[in-house]
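Novice: Below you will find the structure I want to go over with you.
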Amino acid sequence: MSNGKIAACVGLGVGAVLIIQGGDPLDSAGNGSPIWRDTGLLGAPARAVVCIIAGVSLLAMGWLYRLLFCPLERSKALEDVGYIAEDGRSRAQAANEVRRRRKTGELPPVYPNGWYRVLDSHLLERGEVKNVSVLGEQVAVFRGQDGKAYVVDAYCPHLGANLAVGGRVVGSCIECPFHGWQFRGDDGKCVRIPYAEKVPEFARVRCWPSCEVNGHVLVWFHCDGEDPQWKVPEQQEITKGEWVYRGRTEHFVNAHIQEIPENAADIAHLNHLHTPGIVSGVDLRYTNSKIWEFVRHDWKVQWEPESEPNKHCSQMLVKHSLTVFGHHWSLLDVHVVARQVGPGVVFLLFDHSFLGRGVIMHCVTPVEPLLQCVSHTIFYQSNIPPLVPKFILSAECVQFERDVMIWNNKKYISKPLLVKEDSAIQKHRRWFSQFYSENSPRLRYQHDTLDF
Ligand code: FES
Ligand SMILES: [Fe+2]
């Protein structure tokens, strides 16, 4: 039950007790409890009003407390954002229909080589195991008694039980729920078969290289099984506790993974899609409404790849300014450096003289070939009121959901019709192609269907 509901229940409960204490509501002689006599609220309707006011006040206090002090947590299902439900259809029906009928275009490989977030660290207690869908696979993510997070294939190589469904963590191993085989988290080797004399040398489950950085558990994927080619950098301010967790959002996007980071180099879309003020919402049919025209965002953006030894990184420099009724609010000018590390992780660094410093960690993980799980997690200076980073994350979320509406309905165009001013897009595609290799998995799909 949420804090707000608890507060309301407590308020109404206390009120109910007071009514009962007050004795017979029909007792017009006023023999009730002194508390009601003293306040002159002897009638049952008056007491009911007091109870309701108490409940509503507690509800409001709970809401205010959450707003001011609790982290922002916002998780959206696939059909929640970016689909238009018309003609009496539900959003889920609309989403399914768009996904089924959409043309995909000639797609690049669907799983680039790189690091991907699988889980937030705080969701994995010591001795706990979770089943996660990632890169078209099922993996078991578990935290050993040594505190380390491990990622292995979920299906046991013995007879295929899911290690994450009823499996038990034993030391730094995971024990299968079916026959009790135990696999080491470090390398996947089977170390115990409870009923066998000998454990065969070849008995092992596939183990994914993993790391834990700034509250995220990440796995390394390479289509040829090569070892990690770079490290995910740690944001030292988070490790030292100077920047603290202030919230997260999660969305599912129906697009090819490459389309999401490509937006960083698509400079022209910012001053079109993201210009209307966040107050005008996320539904692109209404964002250009005249009512909200007095608030405008202005963007100046530059995107560049980094050079060796960080050629797997790129940087987007963003200068944002806000105009209200034509007046430029320079106090709210925000400069952001968005540093992308490989295909699945971006650090958006805020440094503002008035609003303080912090980072949004933006992670894109392919769940299936055309389904991406995107999380935004904000860490911010601990001495800045939580409301500030929560507002920044909410604003980012609104702008992001506008992109989601585009991605969910668009087609990937392998040979786009570009003008000179779009040149960074081609540059981005060349940069991103380093994450594909010859054996990178491709989506095989049918060009023609019988749908009409
Ligand atoms: S299926 Fe896992 S031990 Fe048998
Ligand atoms: Fe965008």
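Novice: In the chain, with Lys and Arg counted as +1 and Asp and Glu as -1 at Cβ, which of these residues, I174, Y195, W299, has the Cα nearest the positive end of the dipole, that is, farthest along it?
Specialist: W299
Novice: Moving on. Give a residue-ordered list of calculated ³J(HN,Hα) values for the stretch 381-390 (Karplus: 6.51 cos²θ - 1.76 cosθ + 1.60, θ = phi - 60°; whole Hz; x for Gly, Pro).
Specialist: My calculation for the stretch 381-390 gives 3, 5, 8, 9, x, x, 4, 5, x, 5 Hz in order.
Novice: Go through 279-291, 115-127 and give me the packing order, highest mean Cβ count within 10 Å leading.
Specialist: Peptide ranking by packing, descending: 115-127, 279-291.
Novice: Let's see if you can work this out: charge +1 on each Lys and Arg Cβ, -1 on each Asp and Glu Cβ, no other charges. What is the dipole magnitude of the stretch 120-216 about its Cα centre, in debye to the nearest 20?
Specialist: 180 debye
Novice: Quick one: dipole size for the chain, taken about the Cα centre, charges +1 on Lys/Arg Cβ and -1 on Asp/Glu Cβ, in debye to the nearest 20.
Specialist: The dipole magnitude comes to about 280 debye.
Novice: In whole Å, what is the distance between the alpha-carbon centres of the stretch 324-365 and the stretch 412-430?
Specialist: If we compute the Cα centre of each part, the gap is 24 Å.
Novice: Can you run phi through the Karplus equation (6.51, -1.76, 1.60; θ = phi - 60°) for the stretch 276-286 and list ³J(HN,Hα) in whole Hz, with x for Gly and Pro?
Specialist: Working through the residues one at a time gives x, x, 4, 4, 7, x, 10, 7, 5, 6, 10 Hz.
Novice: Using only the alpha carbons of the stretch 120-216, determine the length spanned along each of the three principal axes and report them from longest to shortest in whole angstroms.
Specialist: The Cα atoms of the stretch 120-216 stretch 43, 29, 22 Å along the principal axes, largest first.
Novice: Calculated FRET efficiency, V170 and L68, Cβ-Cβ r, R0 56 Å, to nearest 0.05?
Specialist: 0.85
Novice: Could you compute the FRET efficiency for R102 and I413, with r as their C-beta to C-beta distance and R0 at 22 Å, rounded to 0.05?
Specialist: After rounding to 0.05, the efficiency reads 0.95.
Novice: May I ask for the distance between the Cα centers of the stretch 110-180 and the stretch 268-319, given as a whole number of Å?
Specialist: 37 Å
Novice: As a check on your grasp of the helix formula, calculate [θ] at 222 nm for the chain: sum -39500 (n - 2.57) over DSSP H runs of n ≥ 4, divide by the residue count, round to the nearest 500.
Specialist: Taken over the chain, the calculation gives -7500 deg cm²/dmol.
Novice: Counting pairs of alpha carbon atoms under 8 Å apart in space and at least six apart in sequence, what relative contact order in percent does the stretch 120-216 give?
Specialist: 23 percent
Novice: Related question: Can you give the relative contact order of the stretch 303-422 as a percent, counting alpha carbon pairs under 8 Å and 6+ residues apart?
Specialist: Answer for the stretch 303-422 is 12 percent.
Novice: Same structure again: Over the chain, what is the relative contact order in whole percent, taking alpha-carbon pairs under 8 Å and six or more residues apart?
Specialist: 18 percent
Novice: Sticking with this one: Using unit Cβ charges (K, R positive; D, E negative) and no other charged atoms, how large, in debye to the nearest 20, is the dipole of the stretch 97-143 about its Cα centre?
Specialist: Using only the charged Cβ atoms, the result is roughly 260 debye.
Novice: Taking the Cβ-Cβ separation of E293 and D146 as r and a Förster radius of 56 Å, what is the calculated FRET efficiency to the nearest 0.05?
Specialist: The computed FRET efficiency comes out at 0.45.
Novice: Among the lysines, which fall within straight-line cross-link reach of K130, defined as a Cα-Cα distance under 26 Å, with same-chain neighbours fewer than 8 residues apart omitted?
Specialist: K76, K148, K189, K231
Novice: Another question, if that's okay. Using a 7 Å offset from the Cα along the Cα-to-Cβ direction at both I406 and H122, what is the distance between the two label points in nm, to one decimal?
Specialist: The two pseudo-label positions are separated by 3.2 nm.
Novice: I need the peptides 368-381, 226-239 ranked by packing, meaning the mean over residues of other C-beta atoms within 10 angstrom, with the highest value on top.
Specialist: So the peptides 368-381, 226-239, ranked by packing, come out 368-381, 226-239.
Novice: Taking 7 Å along the Cα-to-C-beta vector as the label spot, tell me the D333-N439 distance in nanometres, rounded to one decimal.
Specialist: Going from the D333 label point to the N439 one covers 5.2 nm.
Novice: Taking the simple approach of a point 7 Å from Cα along Cα-to-Cβ for both L349 and Q93, what is their distance in nm?
Specialist: With each label point 7 Å from Cα toward Cβ, the separation is 5.0 nm.
Novice: If packing is taken as the average count of other Cβ atoms within 10 Å, what order do 300-313, 428-441 fall into, highest mean first?
Specialist: 428-441, 300-313
Novice: With N denoting the number of residues in the stretch 304-452, provide Rg(C-alpha) divided by 2.2 N^0.38 Å, to two decimal places.
Specialist: 1.27
Novice: A follow-up question, please. Binning every alpha carbon pair distance of the chain at 20 Å from zero, what are the percents per bin?
Specialist: 20, 46, 25, 8, 0
Every read-out reported here was derived from the displayed coordinates using simple, explicitly stated rules and does not represent laboratory data. As the structure is a prediction and not an experimental result, all values here were calculated from the model. Because the Cβ atoms are built from the backbone with ideal geometry, glycine has one as well, and the counts that use them run over all protein chains shown.
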